[in-house]
1. List pairs: first residue in region 149-178 and within 16 Å of Ala49 (Cα to Cα) and at pLDDT below 90, second residue among the aromatic types (Phe, Trp, Tyr) and not in a loop (DSSP other than H, G, I, E, B) anywhere in the structure, Cβ distance under 7 angstrom, at least six positions apart or on different chains.
2. Check off (1) surrounded by fewer than 19 Cβ atoms within 10 Å (Cβ to Cβ); (2) touching a residue at least 40 places away in the same chain (Cβ under 8 Å) for Ala209 and give me the number that stays unchecked.
3. Name every residue in region 246-272 that is under 16 Å from Trp288 (Cβ atoms) and open to solvent by 90 Å² or more (accessible area, probe 1.4 Å), in order of residue number.
4. In region 310-349, which residue that is touching a strand residue (DSSP E or B) at 6+ places or on another chain (Cβ under 8 Å) and either modelled with pLDDT under 90 or open to solvent by less than 20 Å² (accessible area, probe 1.4 Å) (or both) is nearest to Asp233 (Cα to Cα)?
5. Give me the pairs, please: first residue somewhere in region 233-247 and on the phi < 0 side of the Ramachandran plot and part of a helix (DSSP H, G or I), second residue anywhere and open to solvent by less than 20 Å² (accessible area, probe 1.4 Å) and among the hydroxyl-bearing types (Ser, Thr, Tyr), beta-carbon distance under 7 Å, and either six or more positions apart or on two chains.
6. For region 333-349, does any single residue satisfy the condition of being farther than 28 Å from Glu210 by Cα and in a loop (DSSP other than H, G, I, E, B)?
7. Any idea which of (1) crowded, with 17+ Cβ neighbours inside 10 Å; (2) within 30 Å of Ser321 (Cα to Cα); (3) among the basic types (Lys, Arg) is the one Arg219 doesn't satisfy?
8. Only one residue in Thr76, Thr120, Thr91 is hydroxyl-bearing (Ser, Thr, Tyr) and surrounded by fewer than 21 Cβ atoms within 10 Å (Cβ to Cβ). Which one?
Amino acid sequence: HGGSTMEEVEPPVFSNLTEGHTMLIYLDTETQCDLNLKAVGGIRYAMDARLLMVTWVDPRTGKARLWETHRAAIPTELAELLGDPKGAKLTAHNAMFDRHVLANTLNRPELADPGLWRCTAARARYTGLPGRLADAGRRAGLSPELLKVDDSGGIRLFTGRRPHSPEAKPHEWQAFGAYALQDTRACRGLDAKLSTLLPAKAHRHWRLAESHVFELDQRINDRGFAVDPNVLDSASAIMARVQPELDREMQRITDGEVRKVQSPKLKDWLHDHLEIIPDLRKDTIADWLQLPDLSGSVVKALELRRDGAKNSIAKYRSMASMLAPDNRVRGAFLYHGAHTGRWSGQGCQPQNLARPAHQLKPHQTASDIAKARGSVERLSSMYRGLPLLDVLLSGIRGAIVATPGRQLVIVDYAQIEGRVIAWFANCIRLLQGFAAGEDVYQLVADDVFGPGGDRQAGKMLQLGLGF
(Lines give C-alpha, C1' and ligand atoms only; values in the text may rest on other atoms or scores of the structure.)
Protein backbone atom coordinates (compact mmCIF):
# COMPACT_ATOMS: atom_id res chain seq x y z
CA HIS A 1 0.00 0.00 0.00
CA GLY A 2 1.56 3.28 -1.02
CA GLY A 3 1.36 6.24 -3.33
CA SER A 4 -1.96 6.72 -5.09
CA THR A 5 -2.67 3.12 -6.08
CA MET A 6 -2.77 -0.36 -4.61
CA GLU A 7 -2.70 -3.55 -6.65
CA GLU A 8 -2.89 -7.29 -6.22
CA VAL A 9 0.35 -9.25 -6.48
CA GLU A 10 -1.09 -12.65 -7.40
CA PRO A 11 -1.48 -13.55 -11.08
CA PRO A 12 -4.89 -13.00 -12.68
CA VAL A 13 -7.33 -15.85 -12.19
CA PHE A 14 -9.70 -15.16 -15.08
CA SER A 15 -9.03 -14.36 -18.71
CA ASN A 16 -12.25 -12.47 -19.47
CA LEU A 17 -10.68 -9.12 -20.37
CA THR A 18 -12.29 -8.90 -23.79
CA GLU A 19 -15.66 -9.70 -25.30
CA GLY A 20 -15.21 -10.32 -28.98
CA HIS A 21 -13.06 -7.39 -30.05
CA THR A 22 -14.23 -5.17 -27.18
CA MET A 23 -11.95 -4.52 -24.21
CA LEU A 24 -13.61 -5.01 -20.81
CA ILE A 25 -12.81 -2.71 -17.89
CA TYR A 26 -14.08 -4.00 -14.54
CA LEU A 27 -14.41 -1.27 -11.96
CA ASP A 28 -16.08 -0.18 -8.75
CA THR A 29 -16.44 3.09 -6.84
CA GLU A 30 -16.57 3.92 -3.14
CA THR A 31 -18.14 7.22 -2.13
CA GLN A 32 -19.08 9.42 0.79
CA CYS A 33 -22.36 11.30 0.97
CA ASP A 34 -24.63 12.82 3.59
CA LEU A 35 -27.68 11.27 1.89
CA ASN A 36 -29.07 7.86 2.76
CA LEU A 37 -28.46 5.69 -0.31
CA LYS A 38 -31.36 3.34 0.37
CA ALA A 39 -33.80 6.20 0.88
CA VAL A 40 -32.86 8.45 -2.03
CA GLY A 41 -31.71 5.88 -4.61
CA GLY A 42 -28.43 5.60 -6.46
CA ILE A 43 -28.95 8.35 -9.05
CA ARG A 44 -30.00 11.03 -6.55
CA TYR A 45 -27.21 9.92 -4.19
CA ALA A 46 -24.60 10.21 -6.96
CA MET A 47 -25.54 13.86 -7.51
CA ASP A 48 -24.11 14.77 -4.09
CA ALA A 49 -21.53 12.01 -3.64
CA ARG A 50 -17.81 12.55 -3.08
CA LEU A 51 -15.51 10.01 -4.72
CA LEU A 52 -13.23 8.18 -2.28
CA MET A 53 -11.83 5.31 -4.33
CA VAL A 54 -11.97 3.74 -7.75
CA THR A 55 -10.88 0.15 -8.21
CA TRP A 56 -10.40 -1.38 -11.63
CA VAL A 57 -8.86 -4.36 -13.37
CA ASP A 58 -6.14 -3.32 -15.78
CA PRO A 59 -7.11 -5.12 -19.00
CA ARG A 60 -3.46 -5.27 -20.10
CA THR A 61 -2.15 -7.07 -17.01
CA GLY A 62 -5.26 -8.53 -15.37
CA LYS A 63 -4.30 -6.97 -12.05
CA ALA A 64 -6.71 -5.09 -9.81
CA ARG A 65 -5.68 -1.48 -9.12
CA LEU A 66 -6.94 1.16 -6.73
CA TRP A 67 -6.99 4.96 -6.95
CA GLU A 68 -7.33 6.78 -3.64
CA THR A 69 -8.63 10.19 -4.62
CA HIS A 70 -7.30 12.07 -1.56
CA ARG A 71 -3.72 11.08 -2.38
CA ALA A 72 -3.30 12.06 -6.02
CA ALA A 73 -5.00 12.98 -9.26
CA ILE A 74 -6.46 10.25 -11.40
CA PRO A 75 -3.74 7.76 -12.44
CA THR A 76 -2.62 8.05 -16.05
CA GLU A 77 -3.55 4.46 -16.88
CA LEU A 78 -7.10 4.89 -15.58
CA ALA A 79 -7.49 8.23 -17.33
CA GLU A 80 -6.40 6.59 -20.58
CA LEU A 81 -8.90 3.77 -20.17
CA LEU A 82 -11.74 6.23 -19.51
CA GLY A 83 -10.50 8.69 -22.11
CA ASP A 84 -12.01 6.81 -25.04
CA PRO A 85 -15.02 5.04 -23.51
CA LYS A 86 -16.35 3.95 -26.90
CA GLY A 87 -13.30 1.72 -27.34
CA ALA A 88 -14.21 -0.40 -24.29
CA LYS A 89 -17.10 -1.66 -22.19
CA LEU A 90 -17.10 -0.55 -18.57
CA THR A 91 -18.36 -3.37 -16.37
CA ALA A 92 -19.63 -2.99 -12.81
CA HIS A 93 -22.04 -4.62 -10.40
CA ASN A 94 -25.10 -2.36 -10.21
CA ALA A 95 -23.59 -0.27 -12.98
CA MET A 96 -26.25 2.44 -12.80
CA PHE A 97 -24.69 3.68 -9.57
CA ASP A 98 -21.07 3.65 -10.74
CA ARG A 99 -21.72 5.32 -14.08
CA HIS A 100 -23.53 8.21 -12.43
CA VAL A 101 -20.88 8.54 -9.72
CA LEU A 102 -18.09 8.74 -12.28
CA ALA A 103 -20.03 11.07 -14.58
CA ASN A 104 -20.73 13.49 -11.72
CA THR A 105 -17.50 13.35 -9.71
CA LEU A 106 -15.15 13.39 -12.72
CA ASN A 107 -17.32 15.91 -14.60
CA ARG A 108 -17.53 13.48 -17.48
CA PRO A 109 -21.25 13.36 -18.41
CA GLU A 110 -20.51 11.06 -21.35
CA LEU A 111 -19.60 8.30 -18.87
CA ALA A 112 -23.25 8.14 -17.81
CA ASP A 113 -24.24 6.75 -21.23
CA PRO A 114 -25.73 3.28 -20.56
CA GLY A 115 -24.47 2.10 -23.94
CA LEU A 116 -20.91 2.17 -22.59
CA TRP A 117 -21.61 -0.17 -19.70
CA ARG A 118 -22.22 -3.80 -18.81
CA CYS A 119 -23.85 -4.76 -15.49
CA THR A 120 -23.13 -8.08 -13.79
CA ALA A 121 -26.08 -7.60 -11.40
CA ALA A 122 -28.49 -7.42 -14.35
CA ARG A 123 -26.88 -10.47 -15.98
CA ALA A 124 -27.05 -12.35 -12.68
CA ARG A 125 -30.77 -11.72 -12.32
CA TYR A 126 -31.30 -12.71 -15.96
CA THR A 127 -29.41 -15.94 -15.27
CA GLY A 128 -31.64 -16.69 -12.26
CA LEU A 129 -29.18 -15.70 -9.53
CA PRO A 130 -29.65 -13.12 -6.74
CA GLY A 131 -28.78 -9.52 -7.51
CA ARG A 132 -26.36 -8.94 -4.62
CA LEU A 133 -22.74 -9.57 -5.55
CA ALA A 134 -21.90 -11.81 -2.61
CA ASP A 135 -25.08 -13.88 -2.96
CA ALA A 136 -24.72 -14.21 -6.73
CA GLY A 137 -21.07 -15.15 -6.35
CA ARG A 138 -21.86 -17.90 -3.84
CA ARG A 139 -24.61 -19.30 -6.02
CA ALA A 140 -22.36 -19.15 -9.08
CA GLY A 141 -19.62 -21.07 -7.27
CA LEU A 142 -16.99 -18.36 -6.90
CA SER A 143 -14.06 -19.34 -4.69
CA PRO A 144 -14.47 -18.21 -1.06
CA GLU A 145 -11.37 -15.99 -1.17
CA LEU A 146 -13.13 -13.80 -3.74
CA LEU A 147 -16.12 -13.29 -1.48
CA LYS A 148 -14.87 -13.04 2.10
CA VAL A 149 -13.08 -9.79 2.84
CA ASP A 150 -13.69 -7.76 6.00
CA ASP A 151 -13.86 -4.02 5.39
CA SER A 152 -13.10 -3.44 9.13
CA GLY A 153 -16.03 -1.10 9.33
CA GLY A 154 -14.82 0.99 6.40
CA ILE A 155 -18.27 1.58 4.98
CA ARG A 156 -19.50 2.83 8.35
CA LEU A 157 -16.34 4.86 9.11
CA PHE A 158 -15.73 6.58 5.78
CA THR A 159 -18.95 6.80 3.77
CA GLY A 160 -21.59 8.20 6.13
CA ARG A 161 -22.61 11.66 7.27
CA ARG A 162 -19.73 12.04 9.74
CA PRO A 163 -16.84 10.38 7.95
CA HIS A 164 -13.41 9.82 9.44
CA SER A 165 -10.40 10.83 7.42
CA PRO A 166 -8.08 8.13 6.04
CA GLU A 167 -5.26 9.60 8.14
CA ALA A 168 -7.29 9.22 11.33
CA LYS A 169 -8.00 5.53 10.72
CA PRO A 170 -5.11 4.27 8.53
CA HIS A 171 -5.50 0.55 9.27
CA GLU A 172 -9.24 0.63 8.69
CA TRP A 173 -8.72 2.65 5.50
CA GLN A 174 -6.29 0.07 4.19
CA ALA A 175 -8.79 -2.71 4.94
CA PHE A 176 -11.45 -0.66 3.17
CA GLY A 177 -9.23 -0.46 0.09
CA ALA A 178 -8.65 -4.22 0.16
CA TYR A 179 -12.40 -4.70 0.40
CA ALA A 180 -12.95 -2.47 -2.63
CA LEU A 181 -10.32 -4.33 -4.65
CA GLN A 182 -11.92 -7.62 -3.77
CA ASP A 183 -15.31 -6.41 -4.93
CA THR A 184 -13.85 -5.67 -8.34
CA ARG A 185 -12.17 -9.08 -8.52
CA ALA A 186 -15.45 -10.70 -7.51
CA CYS A 187 -17.31 -8.75 -10.20
CA ARG A 188 -14.85 -10.01 -12.80
CA GLY A 189 -15.06 -13.55 -11.46
CA LEU A 190 -18.84 -13.50 -11.45
CA ASP A 191 -18.90 -12.24 -15.03
CA ALA A 192 -16.73 -15.16 -16.12
CA LYS A 193 -18.97 -17.64 -14.28
CA LEU A 194 -22.15 -16.18 -15.75
CA SER A 195 -20.86 -16.88 -19.24
CA THR A 196 -20.64 -20.58 -18.37
CA LEU A 197 -23.95 -20.93 -16.53
CA LEU A 198 -26.27 -19.98 -19.39
CA PRO A 199 -27.01 -22.32 -22.29
CA ALA A 200 -25.57 -21.05 -25.56
CA LYS A 201 -29.02 -20.06 -26.84
CA ALA A 202 -29.85 -18.02 -23.72
CA HIS A 203 -26.41 -16.39 -23.73
CA ARG A 204 -26.87 -15.43 -27.37
CA HIS A 205 -30.33 -14.04 -26.59
CA TRP A 206 -28.84 -11.87 -23.84
CA ARG A 207 -26.11 -10.57 -26.11
CA LEU A 208 -28.28 -9.88 -29.15
CA ALA A 209 -31.59 -8.87 -27.58
CA GLU A 210 -32.00 -8.78 -23.81
CA SER A 211 -28.95 -6.61 -23.16
CA HIS A 212 -30.66 -3.94 -25.28
CA VAL A 213 -33.77 -4.25 -23.10
CA PHE A 214 -31.57 -3.62 -20.07
CA GLU A 215 -29.99 -0.60 -21.78
CA LEU A 216 -33.48 0.76 -22.43
CA ASP A 217 -34.30 0.16 -18.76
CA GLN A 218 -31.30 2.28 -17.79
CA ARG A 219 -32.36 5.11 -20.08
CA ILE A 220 -35.89 5.00 -18.61
CA ASN A 221 -34.40 5.14 -15.10
CA ASP A 222 -32.10 7.99 -16.10
CA ARG A 223 -34.98 10.02 -17.50
CA GLY A 224 -37.26 9.25 -14.56
CA PHE A 225 -40.70 10.78 -14.18
CA ALA A 226 -41.95 14.16 -13.07
CA VAL A 227 -43.69 14.61 -9.74
CA ASP A 228 -45.61 17.57 -8.35
CA PRO A 229 -43.65 18.56 -5.21
CA ASN A 230 -46.65 20.52 -3.89
CA VAL A 231 -48.62 17.27 -3.64
CA LEU A 232 -45.76 15.54 -1.81
CA ASP A 233 -45.24 18.41 0.63
CA SER A 234 -48.92 18.78 1.46
CA ALA A 235 -49.53 15.03 1.82
CA SER A 236 -46.46 14.62 4.05
CA ALA A 237 -47.59 17.49 6.29
CA ILE A 238 -51.09 16.00 6.61
CA MET A 239 -49.66 12.57 7.39
CA ALA A 240 -47.45 14.12 10.05
CA ARG A 241 -50.62 15.28 11.82
CA VAL A 242 -52.83 12.26 11.16
CA GLN A 243 -50.37 9.55 12.23
CA PRO A 244 -49.92 10.82 15.81
CA GLU A 245 -53.70 11.03 16.14
CA LEU A 246 -53.98 7.37 15.13
CA ASP A 247 -51.31 6.47 17.68
CA ARG A 248 -53.11 8.41 20.42
CA GLU A 249 -56.37 6.65 19.58
CA MET A 250 -54.62 3.27 19.77
CA GLN A 251 -53.23 4.19 23.19
CA ARG A 252 -56.70 5.18 24.38
CA ILE A 253 -58.35 1.98 23.17
CA THR A 254 -55.67 -0.29 24.67
CA ASP A 255 -55.32 1.66 27.94
CA GLY A 256 -51.77 2.57 27.03
CA GLU A 257 -50.58 -1.00 26.40
CA VAL A 258 -50.01 -0.27 22.70
CA ARG A 259 -48.48 3.12 22.01
CA LYS A 260 -48.22 3.05 18.21
CA VAL A 261 -50.43 1.68 15.45
CA GLN A 262 -47.48 -0.23 13.96
CA SER A 263 -46.30 -1.63 17.29
CA PRO A 264 -45.86 -5.44 17.45
CA LYS A 265 -47.32 -5.25 20.97
CA LEU A 266 -50.76 -5.00 19.35
CA LYS A 267 -50.61 -8.72 18.67
CA ASP A 268 -50.14 -9.46 22.40
CA TRP A 269 -53.00 -7.13 23.30
CA LEU A 270 -55.28 -8.84 20.78
CA HIS A 271 -54.35 -12.25 22.20
CA ASP A 272 -55.77 -11.10 25.54
CA HIS A 273 -59.09 -10.15 23.93
CA LEU A 274 -59.78 -12.88 21.39
CA GLU A 275 -58.34 -16.10 20.04
CA ILE A 276 -54.69 -15.99 18.99
CA ILE A 277 -54.44 -14.05 15.74
CA PRO A 278 -51.75 -15.60 13.51
CA ASP A 279 -50.28 -12.32 12.22
CA LEU A 280 -51.11 -8.69 11.51
CA ARG A 281 -50.97 -8.79 7.74
CA LYS A 282 -53.56 -6.85 5.77
CA ASP A 283 -55.42 -9.94 4.54
CA THR A 284 -55.51 -11.49 8.01
CA ILE A 285 -56.92 -8.32 9.55
CA ALA A 286 -59.56 -8.12 6.79
CA ASP A 287 -60.62 -11.71 7.52
CA TRP A 288 -60.81 -11.14 11.27
CA LEU A 289 -62.90 -8.01 10.84
CA GLN A 290 -65.54 -10.23 9.22
CA LEU A 291 -65.86 -12.33 12.38
CA PRO A 292 -69.05 -11.87 14.42
CA ASP A 293 -69.14 -10.94 18.09
CA LEU A 294 -65.89 -9.00 18.21
CA SER A 295 -65.86 -6.34 20.90
CA GLY A 296 -65.93 -2.72 19.83
CA SER A 297 -62.41 -2.08 21.12
CA VAL A 298 -60.98 -5.04 19.17
CA VAL A 299 -62.72 -3.92 15.98
CA LYS A 300 -61.42 -0.38 16.41
CA ALA A 301 -57.87 -1.56 17.14
CA LEU A 302 -57.88 -3.76 14.03
CA GLU A 303 -59.24 -0.91 11.92
CA LEU A 304 -56.58 1.46 13.21
CA ARG A 305 -53.89 -1.05 12.38
CA ARG A 306 -55.37 -1.60 8.92
CA ASP A 307 -55.56 2.11 8.16
CA GLY A 308 -52.24 3.07 9.73
CA ALA A 309 -50.35 0.30 7.93
CA LYS A 310 -51.22 1.44 4.41
CA ASN A 311 -47.74 1.38 2.96
CA SER A 312 -48.84 3.17 -0.20
CA ILE A 313 -49.31 6.38 1.78
CA ALA A 314 -45.64 6.26 2.79
CA LYS A 315 -44.77 6.54 -0.91
CA TYR A 316 -45.30 10.29 -0.64
CA ARG A 317 -42.29 10.51 1.67
CA SER A 318 -40.33 8.03 -0.42
CA MET A 319 -40.94 10.03 -3.59
CA ALA A 320 -39.93 13.22 -1.80
CA SER A 321 -36.67 11.57 -0.69
CA MET A 322 -35.83 10.51 -4.24
CA LEU A 323 -36.80 13.82 -5.82
CA ALA A 324 -34.02 15.60 -7.71
CA PRO A 325 -33.81 19.42 -7.95
CA ASP A 326 -35.64 19.28 -11.29
CA ASN A 327 -38.60 17.55 -9.59
CA ARG A 328 -38.01 14.18 -11.23
CA VAL A 329 -37.70 10.78 -9.56
CA ARG A 330 -35.01 8.59 -11.11
CA GLY A 331 -33.76 5.04 -10.63
CA ALA A 332 -37.08 3.71 -9.35
CA PHE A 333 -37.29 0.58 -11.54
CA LEU A 334 -35.27 -2.62 -11.17
CA TYR A 335 -34.68 -4.66 -14.31
CA HIS A 336 -35.60 -8.36 -13.97
CA GLY A 337 -36.57 -7.88 -10.33
CA ALA A 338 -38.85 -10.94 -10.40
CA HIS A 339 -37.65 -14.35 -11.49
CA THR A 340 -40.13 -14.30 -14.37
CA GLY A 341 -38.30 -11.31 -15.84
CA ARG A 342 -40.79 -8.67 -14.75
CA TRP A 343 -39.57 -5.36 -13.42
CA SER A 344 -39.78 -4.58 -9.73
CA GLY A 345 -39.27 -1.28 -7.98
CA GLN A 346 -36.73 0.50 -5.85
CA GLY A 347 -37.51 3.18 -3.30
CA CYS A 348 -41.01 4.50 -3.99
CA GLN A 349 -41.78 1.53 -6.30
CA PRO A 350 -44.01 3.37 -8.79
CA GLN A 351 -45.02 0.12 -10.51
CA ASN A 352 -47.00 -0.80 -7.39
CA LEU A 353 -49.20 2.16 -6.51
CA ALA A 354 -52.44 1.61 -4.63
CA ARG A 355 -55.81 1.65 -6.34
CA PRO A 356 -57.91 4.72 -5.54
CA ALA A 357 -60.61 4.25 -2.89
CA HIS A 358 -64.23 5.34 -3.10
CA GLN A 359 -63.97 5.77 -6.90
CA LEU A 360 -61.89 8.91 -6.44
CA LYS A 361 -60.02 10.30 -9.45
CA PRO A 362 -56.24 10.24 -8.75
CA HIS A 363 -55.25 13.50 -10.44
CA GLN A 364 -58.22 15.46 -9.09
CA THR A 365 -57.54 14.07 -5.62
CA ALA A 366 -53.85 14.96 -5.91
CA SER A 367 -54.78 18.47 -7.00
CA ASP A 368 -57.02 18.84 -3.95
CA ILE A 369 -54.26 17.54 -1.67
CA ALA A 370 -51.92 20.20 -3.06
CA LYS A 371 -54.58 22.89 -2.57
CA ALA A 372 -54.97 21.83 1.07
CA ARG A 373 -51.37 22.97 1.70
CA GLY A 374 -50.88 20.56 4.55
CA SER A 375 -54.10 21.47 6.34
CA VAL A 376 -56.03 18.50 7.72
CA GLU A 377 -59.10 20.69 8.19
CA ARG A 378 -59.04 21.99 4.62
CA LEU A 379 -58.71 18.53 3.08
CA SER A 380 -61.39 17.15 5.40
CA SER A 381 -63.80 19.84 4.26
CA MET A 382 -63.27 18.79 0.63
CA TYR A 383 -63.95 15.10 1.39
CA ARG A 384 -66.54 15.08 4.14
CA GLY A 385 -67.30 11.60 5.42
CA LEU A 386 -64.27 9.94 3.83
CA PRO A 387 -61.27 8.80 5.89
CA LEU A 388 -58.34 11.11 5.19
CA LEU A 389 -55.99 8.15 4.79
CA ASP A 390 -58.18 6.85 1.98
CA VAL A 391 -58.06 10.27 0.33
CA LEU A 392 -54.27 10.36 0.58
CA LEU A 393 -54.02 6.82 -0.78
CA SER A 394 -56.20 7.78 -3.73
CA GLY A 395 -54.04 10.73 -4.69
CA ILE A 396 -50.65 9.02 -4.86
CA ARG A 397 -50.96 8.14 -8.57
CA GLY A 398 -51.93 11.72 -9.32
CA ALA A 399 -48.68 12.99 -7.83
CA ILE A 400 -46.99 11.79 -11.04
CA VAL A 401 -47.48 14.52 -13.64
CA ALA A 402 -46.50 15.63 -17.12
CA THR A 403 -43.92 18.38 -17.45
CA PRO A 404 -45.10 21.73 -18.92
CA GLY A 405 -45.94 21.43 -22.59
CA ARG A 406 -46.26 17.64 -22.37
CA GLN A 407 -49.08 15.16 -21.92
CA LEU A 408 -49.03 12.13 -19.64
CA VAL A 409 -50.19 9.17 -21.74
CA ILE A 410 -51.03 5.94 -19.91
CA VAL A 411 -50.84 2.70 -21.88
CA ASP A 412 -50.85 -0.96 -20.94
CA TYR A 413 -50.81 -4.28 -22.72
CA ALA A 414 -54.22 -5.88 -22.31
CA GLN A 415 -53.82 -8.74 -19.79
CA ILE A 416 -50.41 -9.50 -21.27
CA GLU A 417 -49.20 -11.80 -18.50
CA GLY A 418 -52.44 -13.76 -18.47
CA ARG A 419 -52.26 -14.28 -22.24
CA VAL A 420 -48.64 -15.47 -22.16
CA ILE A 421 -49.33 -17.80 -19.23
CA ALA A 422 -52.34 -19.31 -21.02
CA TRP A 423 -50.23 -19.84 -24.15
CA PHE A 424 -47.35 -21.45 -22.27
CA ALA A 425 -49.75 -23.72 -20.36
CA ASN A 426 -51.77 -24.47 -23.51
CA CYS A 427 -54.96 -23.76 -21.56
CA ILE A 428 -57.51 -24.01 -24.35
CA ARG A 429 -60.39 -22.59 -22.28
CA LEU A 430 -58.47 -19.39 -21.49
CA LEU A 431 -57.07 -19.05 -25.01
CA GLN A 432 -60.57 -19.36 -26.43
CA GLY A 433 -61.75 -16.73 -23.97
CA PHE A 434 -59.03 -14.31 -25.05
CA ALA A 435 -59.75 -14.99 -28.73
CA ALA A 436 -63.46 -14.34 -28.20
CA GLY A 437 -62.78 -11.07 -26.40
CA GLU A 438 -64.15 -12.29 -23.08
CA ASP A 439 -63.12 -10.78 -19.75
CA VAL A 440 -60.90 -13.69 -18.76
CA TYR A 441 -60.36 -12.52 -15.17
CA GLN A 442 -64.12 -12.52 -14.72
CA LEU A 443 -64.24 -15.92 -16.43
CA VAL A 444 -61.84 -17.36 -13.85
CA ALA A 445 -63.79 -15.74 -11.01
CA ASP A 446 -67.04 -17.24 -12.29
CA ASP A 447 -65.48 -20.70 -12.66
CA VAL A 448 -64.05 -20.67 -9.13
CA PHE A 449 -66.60 -18.69 -7.12
CA GLY A 450 -69.73 -19.10 -9.22
CA PRO A 451 -71.52 -16.64 -11.51
CA GLY A 452 -70.82 -13.03 -10.55
CA GLY A 453 -67.61 -13.88 -8.69
CA ASP A 454 -65.25 -11.10 -7.71
CA ARG A 455 -63.20 -10.12 -10.79
CA GLN A 456 -60.21 -8.88 -8.80
CA ALA A 457 -60.04 -12.24 -7.00
CA GLY A 458 -60.16 -13.97 -10.39
CA LYS A 459 -57.27 -11.84 -11.61
CA MET A 460 -55.18 -12.64 -8.55
CA LEU A 461 -55.92 -16.33 -8.95
CA GLN A 462 -54.96 -16.53 -12.58
CA LEU A 463 -51.76 -14.53 -12.26
CA GLY A 464 -50.78 -16.17 -8.97
CA LEU A 465 -51.29 -19.69 -10.28
CA GLY A 466 -49.27 -18.75 -13.33
CA PHE A 467 -46.19 -18.39 -11.16
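1. Sorted first by the residue in region 149-178, then by its partner, the list stays empty.
2. The single condition Ala209 does not satisfy is (2).
3. Matches in region 246-272: Asp268, Asp272.
4. Among them, the one singled out is Met319.
5. Ala235/Tyr316; Ser236/Tyr316; Met239/Tyr316
6. No, region 333-349 has no match at all.
7. (1)
8. Sole residue among the options that is hydroxyl-bearing (Ser, Thr, Tyr) and surrounded by fewer than 21 Cβ atoms within 10 Å (Cβ to Cβ): Thr76.
The values are calculated or read from the model by the stated rules, or taken from the named source; none is laboratory data. Values in this document were obtained by computation on a predicted structure and should not be read as measured data. Positions of Cβ are backbone-derived with ideal geometry, glycine not excepted, and every protein chain shown enters the neighbour counts. The area values use the complete protein model at the heavy-atom level, side chains included, leaving out ligands, DNA and RNA. Shrake-Rupley method; radii C 1.70, N 1.55, O 1.52, S 1.80 Å.
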